[in-house]
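Read the structure below first, then the notes.
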Amino acid sequence: MNTTEHYTFQLSDKVTRKAVTFKNRYGITLSGDLYLPKNAGNEKLAALAISGPFGAVKEQSSGLYANQMAERGFAVIAFDPSYTGESSGEPRNIASPDINTEDFSAAVDFLGLQNNVDRNKIGIIGICGFGGMALNATAIDKRIKAVATTSMYDMTRVISKGYNDIVTLEQRTKTLEDLNQQRWKDAETGEPEYPKSHLPEKLSGDEPQFVKEYYDYYKTPRGFHERSVNSTKGWRLTSAISFMNMPLLSYIKEISPRPMLLIAGENAHSKYFSEDIYKMATEPKELMIIPNAVHVDLYDKVDVIPFDKLDNFFKINLK
């Protein structure tokens with residue numbers, strides 16, 4: 001393993017980490033890290049696939065979660081979604097509600113082929129925008145026995161309707177017209193354009209609170225990673241188009257009778273996504289609100305993220 005590789009957290013001395021690759025149904029090679037408990041012996045393990053946040057890489061939050069859950073006895077893969085990080089796919093830095101949902105199922109494929117994994121005991125965790133993808137994947141992939149999300153975002157809802165659904169039809173139409181004009185430019189250059197402004201390189205102080213929180217994670221040594229979409233140039237402009245046309249969570253009720261755990265910060269700007277999914281979903285379901293926490297606290301604050309709850313949830317439901 002390359003010892004100079006940059007991770008935003010310390011690997012536990014009770015865990016091993018190994019770089020792996022696997023293909024999704026679209027032929028994209030996904031890059032992941034497989035975390036295993038050192039003391040596992042010969043028993044077959046319950047396993048988890050983890051990805052997110054939206055615009056992050058496996059060396060950030062998903063790896064931190066994998067490290068924690070492997071310490072608690074699970075085989076865990078944290079992976080880079082298609083077109084990002086060390087995963088393949090051209091052009092770089094694009095997202096897709098369909099392909100990113102498929103990425104989770106491909107990770108389940110990978111886990112189910114491991115000799116030390118019990119393929120009847122596989123769950124997934126989605127962080128931020130990959131919370132929505134994780135729920136979507138669980139709805140269609142009945143091999144997934146339990147799903148948990150933290151700081152969940154429904155990316156199709158927020159991109160098409162804005163925060164708190166305030167975008168009007170006129171605004172939506174204008175956005176689509178602009179993105180459609182951008183397609184002419186992208187077609188001419190052969191290279192999809194990046195946004196002029198993503199997260200600022202420096203804060204001016206008058207940004208919305210949640211932008212300051214994202215900055216604090218992605219743009220500072222706390223969470224910065226050179227391959228992270230959000231730490232660098234952002235998503236390509238036209239990435240938004242398919243999200244504006246495809247609701248991710250149409251079949252949320254079909255996760256039942258498998259259990260769902262939704263975890264959100266009390267002060268998170270994104271809390272309403274988890275609350276609304278909780279209302280829409282069918283039992284068994286649980287909504288856990290973390291007192292005083294903001295959205296990005298659940299990315300990396302190990303004293304705030306309820307790992308014991310996650311451990312208990314998956315130990316009970318992956319058996």
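The values are calculated or read from the model by the stated rules, or taken from the named source; none is laboratory data. No experiment lies behind these values; they were computed from the predicted model shown. Because the Cβ atoms are built from the backbone with ideal geometry, glycine has one as well, and the counts that use them run over all protein chains shown. Just the protein is used for accessible areas: all its heavy atoms, side chains included, with ligands, DNA and RNA removed. Shrake-Rupley method; radii C 1.70, N 1.55, O 1.52, S 1.80 Å.
Mind listing just one residue for me: the one in region 307-319 that is out of contact with any Leu (no Cβ under 9 Å at 6 or more places or on another chain) and free of Cβ contacts under 8 Å to residues at least 60 places away in the same chain and, of those, farthest from Gln10 (Cα to Cα)? Within region 307-319, the match that is farthest from Gln10 (Cα to Cα) is Ile316. Within region 30-82, the residues that satisfy the criterion of being assigned to a loop (DSSP other than H, G, I, E, B) and either touching a Lys or Arg at 6+ places or on another chain (Cβ under 6 Å) or more than 28 Å from Ala240 (Cβ to Cβ) (or both) are Lys38, Asn39, Ala40, Gly41, Asn42, Glu43, Lys44, Val57, Arg72, Gly73, Phe74, Asp80.
Checked against (1) surrounded by 23 or more Cβ atoms within 10 Å (Cβ to Cβ); (2) touching a Phe, Trp or Tyr at 6+ places or on another chain (Cβ under 6 Å); (3) of a type outside the set (Ser, Thr, Tyr), Gly55 passes all but condition (2). Filter region 205-247 down to the residues that are open to solvent by 30 Å² or more (accessible area, probe 1.4 Å), aromatic (Phe, Trp, Tyr) and under 24 Å from Leu176 (Cα atoms) and list them by number. Of everything in region 205-247, just one residue is open to solvent by 30 Å² or more (accessible area, probe 1.4 Å), aromatic (Phe, Trp, Tyr) and under 24 Å from Leu176 (Cα atoms), namely Trp235.
Summed over region 253-288, the residues that are open to solvent by 50 Å² or more (accessible area, probe 1.4 Å), among the hydrophobic types (A, V, I, L, M, F, W, C) and closer than 22 Å to Lys161 by Cα give a count of 1.
Filtered by the rule that a residue be open to solvent by 10 Å² or more (accessible area, probe 1.4 Å), part of a helix (DSSP H, G or I) and in contact with a helix residue (DSSP H, G or I) (Cβ under 8 Å, 6 or more places away or on another chain), region 103-148 gives Ser105, Asn136, Ile140.
In region 180-207, the residues that are more than 18 Å from Ala95 (Cα to Cα) form no Cβ pair under 6 Å with any partner that is among the small types (Gly, Ala, Ser), whether six or more places apart or across chains.
Ser250 falls short of the stated requirement of being outside any helix (DSSP H, G or I), open to solvent by less than 10 Å² (accessible area, probe 1.4 Å) and either modelled with pLDDT of 95 or more or not small (Gly, Ala, Ser) (or both). Quick check on region 87-95. Is at least one of its residues more than 18 Å from Ile127 (Cβ to Cβ), in a loop (DSSP other than H, G, I, E, B), of a type outside the set (Lys, Arg) and open to solvent by 50 Å² or more (accessible area, probe 1.4 Å)? Looking through region 87-95, at least one residue is more than 18 Å from Ile127 (Cβ to Cβ), in a loop (DSSP other than H, G, I, E, B), of a type outside the set (Lys, Arg) and open to solvent by 50 Å² or more (accessible area, probe 1.4 Å).
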